[in-house]
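The values are calculated or read from the model by the stated rules, or taken from the named source; none is laboratory data. Since we're looking at a predicted model, the values are computed, not measured. Virtual Cβ from ideal backbone geometry, glycine too; neighbours counted across all protein chains shown. Quick note on the areas: whole protein, heavy atoms, side chains included, nothing else; ligands and nucleic acids left out. Shrake-Rupley method; radii C 1.70, N 1.55, O 1.52, S 1.80 Å.
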Amino acid sequence: MTDRRGSGQATSDRDSHHADELVFAALGGLGEIGMNVYLYGLGPADDRKWLMVDLGITFPGANEPGVDVVLPDLRFIRAERASLAGIVITHAHEDHVGAVLEMWPELRAPVYCTPFTAGMLKAKLAEFGSREKPDIHVVAPASRFDVGPFGIELIPMAHSIPETSGLAIRTRAGLLFHTADWKLDPDPLVGQPTDTARIQALGKEGVTALICDSTNAFRDGVSPSEAEVSRSLAEIIKGAKKRVIITTFASNVARIKSVADAAEATGRRLVIAGRALNRSIQVAIDTGYLPPDFEYLGPEHFNYLAPEETLALATGSQGEPRAAMARAADGEHRDIKFGPGDLVIYSSRTIPGNEKDIIAIQNKLAGLGCTVLTDADGLVHVTGHPRREELRQLFDWIKPKVLVPMHGEIRHLQENARLGRAAGIADVRSVLNGELVRLAPGRTRVIDEIPTGRYYRDGKLIVPDGEGSVRERRKLSAVGLVAVAIAITPRGEVVGDVDVALDGIPEEDATGELMEDLVLDAVDGTIESIPARRRRDAELVREAVRRSVRAAVDRAWGKRPIVKVLMNVVPARG
Ligand SMILES: [Zn+2]
Ligand SMILES: [Zn+2]
């Protein structure tokens with residue numbers, strides 16, 4: 001009896017530690033728009049199975065000079081990778097799929113995505129290569145499949161790229177709906193509209209937690225349809241007298257189709273400029289989103305065509321310096337040259353952080369005599385994310401017990417949370433990257449903190465953002481560099497001339513004295529001031545010279561440069 005009671009107690013203790021929990025955390029995407037990486041965990045705290053949803057990148061800000069892309073820090077899930085059942089990709093935007101090729105070798109879990117997303121991944125793999133080919137499982141839109149203990153149902157959602165899929169995630173601890181990026185567009189032109197019937201059915205089935213896109217939580221009303229943008233673009237193109245050049249996000253297949261249709265309707269020939277556009281057109285043809293005979297010309301035809309017969313689609317809507325728009329605006333594109341009277345349409349939104357680059361190009365275009373039209377001037381672009389009325393509609397259909405806002409900066413997440421509370425959702429939990437939330441059972445609670453962070457792709461290398469190289473570069477960009485080379489004998493005698501090089505520093509001070517002379521004087525004066533015996537300590541000399549050069553430049557310039565002193569100890573003379 002005693003024994004049995006004892007073991008019974010032990011079991012119930014263990015049960016409380018082993019209670020089945022459903023948890024959620026983000027390694028990116030909560031507190032930023034970009035680098036989406038979400039994790040769902042099922043099981044007791046010491047034995048969870050994980051599902052990853054999306055594995056994206058983000059682009060560097062102005063304070064991250066020289067960085068090509070920003071990648072998520074996966075150390076948490078890498079340590080758990082034996083329990084990572086799979087990675088489901090919701091759609092082919094870079095902020096959701098951009099890190100797959102680079103990071104997959106760290107995780108090696110099966111990747112599930114629809115044909116269009118798989119096609120985009122394969123096209124990038126063919127163009128850029130990768131360390132290792134990810135294990136990609138192609139699943140049909142609207143299909144159901146299991147990833148470990150997670151039953152996944154893809155729910156078609158309208159967005160600005162084909163085959164965007166929300167995820168109904170069925171688990172023994174409850175049903176979740178992860179919206180992905182979405183809007184309620186009844187006429188998205190390409191691909192399926194949001195499957196509102198399935199969403200309402202999920203609501204009836206009973207959704208424990210809704211994890212929902214917050215990007216446009218501040219915008220009132222309902223976002224216009226892609227079909228309305230198409231009609232508006234066609235109208236504007238019809239009124240143009242000379243060339244029309246349109247720039248948009250390369251992956252927006254519906255927009256590409258609208259532009260092609262407008263070309264056909266107005267008797268213009270479609271010219272495509274930019275590799276990213278070619279890539280997504282090819283994938284869209286392969287997956288049936290553009291017709292097999294989709295017709296367009298390469299950029300080499302641009303200048304042979306009569307202006308009134310030309311409609312070009314070019315990459316570079318975000319001011320990217322190497323894309324077709326930037327090069328053409330600078331007159332450096334081999335084929336694309338703009339002239340007075342040409343109409344340039346930015347069929348895109350300005351992603352925060354890119355304003356200066358975009359405006360600089362638009363000014364150059366204006367200088368060439370082009371008319372520049374943006375989404376501030378007419379309906380030439382529409383968002384792919386839900387506005388407030390669409391969010392309210394979704395809350396009403398799903399009626400979740402729990403709402404977790406995702407895909408937003410802190411202010412967007414908080415606004416989505418406010419909307420959810422106002423809609424009567426009892427448990428609204430707004431969390432940031434790294435906060436592990438228990439979604440079920442019981443009320444939600446942050447139960448742990450997991451490590452997150454950023455890595456930089458910097459040329460051929462991937463470096464952690466804490467390493468400092470990018471921070472140093474930021475400093476260099478503001479204060480320049482002084483390099484001093486000194487050859488010294490073990491006895492402390494300076495051999496030959498001291499060499500200095502100044503980079504990014506004004507040539508002379510306010511009185512006309514050369515900065516280089518000021519530096520040389522500081523070096524000589526410092527060395528002379530050190531007693532001969534102490535000069536044998538090369539490290540002491542190095543540090544003294546560094547300090548005095550920094551101080552001398554500061555006195556003359558009012559800024560302290562980075563100073564590098566290279567000490568070369570050479571054999572004594574004689
Ligand atoms: Zn998206
Ligand atoms: Zn997104």
Anything in the range 106-119 that is closer than 23 Å to residue 149 by Cα and either away from ligand 1 (no atom under 14 Å from the Cβ) or open to solvent by 10 Å² or more (accessible area, probe 1.4 Å) (or both)? List them, or say none.
106, 107, 108, 109, 110, 111, 112
Take the residues in the range 136-162 that are among the β-branched types (Val, Ile, Thr) and away from ligand 2 (no atom under 16 Å from the Cβ); name whichever of them is nearest to the chain's Cα centre (by Cα).
136
When the residues of the range 35-52 are filtered to those that are part of a loop (DSSP other than H, G, I, E, B) and touching a Ser or Thr at 6+ places or on another chain (Cβ under 7 Å), which remaining residue is surrounded by the most Cβ atoms within 10 Å (Cβ to Cβ)?
35
Can you tell me which condition residue 390 does not meet? The list is (1) away from ligand 1 (no atom under 16 Å from the Cβ); (2) in contact with a strand residue (DSSP E or B) (Cβ under 7 Å, 6 or more places away or on another chain); (3) assigned to a helix (DSSP H, G or I), and all the others hold.
(1)
Going residue by residue through the range 143-154, is there one that turns out to be at pLDDT 95 or above, assigned to a loop (DSSP other than H, G, I, E, B), hydrophobic (A, V, I, L, M, F, W, C) and crowded, with 19+ Cβ neighbours inside 10 Å?
no
What's the number of the only condition in (1) more than 16 Å from ligand 2 (Cβ to nearest atom); (2) at pLDDT below 95; (3) in a loop (DSSP other than H, G, I, E, B); (4) not basic (Lys, Arg) that residue 357 fails to meet?
(3)
Filter the range 444-462 for residues that are over 17 Å from residue 76 (Cα atoms) and either surrounded by 15 or more Cβ atoms within 10 Å (Cβ to Cβ) or modelled with pLDDT of 95 or more (or both) and give the result.
444, 445, 456, 457, 458
Can we say residue 240 is of a type in the set (A, V, I, L, M, F, W, C) and surrounded by 18 or more Cβ atoms within 10 Å (Cβ to Cβ)?
yes
Is the range 363-380 home to any residue that is away from ligand 2 (no atom under 16 Å from the Cβ), surrounded by fewer than 21 Cβ atoms within 10 Å (Cβ to Cβ), in contact (Cβ under 8 Å) with a residue 40 or more places away in the chain and under 16 Å from residue 213 (Cα atoms)?
no
So residue 488 passes all but one of these: (1) touching an Asp or Glu at 6+ places or on another chain (Cβ under 9 Å); (2) surrounded by 14 or more Cβ atoms within 10 Å (Cβ to Cβ); (3) touching a residue at least 40 places away in the same chain (Cβ under 8 Å). Which condition number does it fail?
(1)
Filter the range 164-186 for residues that are within 13 Å of ligand 1 (Cβ to nearest atom) and either free of Cβ contacts under 8 Å to residues at least 40 places away in the same chain or closer than 13 Å to residue 152 by Cα (or both) and give the result.
165, 166, 179
Is the range 288-301 home to any residue that is on the phi > 0 side of the Ramachandran plot and open to solvent by less than 70 Å² (accessible area, probe 1.4 Å)?
yes
Criterion (assigned to a loop (DSSP other than H, G, I, E, B), among the small types (Gly, Ala, Ser) and under 25 Å from residue 251 (Cα atoms)) met by exactly one of 424, 384:
384
Has the range 273-283 got any residue that is in contact with a His (Cβ under 8 Å, 6 or more places away or on another chain) and open to solvent by 40 Å² or more (accessible area, probe 1.4 Å)?
no
Of all residues in the range 411-427 being open to solvent by less than 60 Å² (accessible area, probe 1.4 Å) and within 24 Å of the chain's Cα centre (by Cα), which is farthest from ligand 2 (Cβ to nearest atom)?
417
Using the structure shown, decide if residue 496 is out of contact with any Phe, Trp or Tyr (no Cβ under 9 Å at 6 or more places or on another chain), open to solvent by less than 70 Å² (accessible area, probe 1.4 Å) and not in a strand (DSSP E or B).
no
Looking only at the range 53-94, how many residues end up being within 16 Å of ligand 1 (Cβ to nearest atom), open to solvent by 40 Å² or more (accessible area, probe 1.4 Å) and part of a loop (DSSP other than H, G, I, E, B)?
1
Exactly one of these conditions fails for residue 327: (1) open to solvent by 30 Å² or more (accessible area, probe 1.4 Å); (2) of a type in the set (D, E, K, R); (3) in contact (Cβ under 8 Å) with a residue 24 or more places away in the chain. Give me its number.
(3)
Can you report the number of residues in the range 381-410 which are more than 30 Å from residue 362 (Cα to Cα), open to solvent by 10 Å² or more (accessible area, probe 1.4 Å) and under 28 Å from the mean Cα position of the chain (by Cα)?
4
Among the listed residues 516, 539, 507, 528, identify the single one that is under 42 Å from the mean Cα position of the chain (by Cα) and open to solvent by 70 Å² or more (accessible area, probe 1.4 Å).
507
Hey, does the range 547-562 have a residue that's open to solvent by 70 Å² or more (accessible area, probe 1.4 Å) and part of a helix (DSSP H, G or I)?
yes
Quick one: which residue in 62, 85, 79, 45 is small (Gly, Ala, Ser) and free of Cβ contacts under 8 Å to residues at least 24 places away in the same chain?
79
For the structure I just gave you, tell me whether residue 42 is modelled with pLDDT of 95 or more and touching a Lys or Arg at 6+ places or on another chain (Cβ under 6 Å).
yes
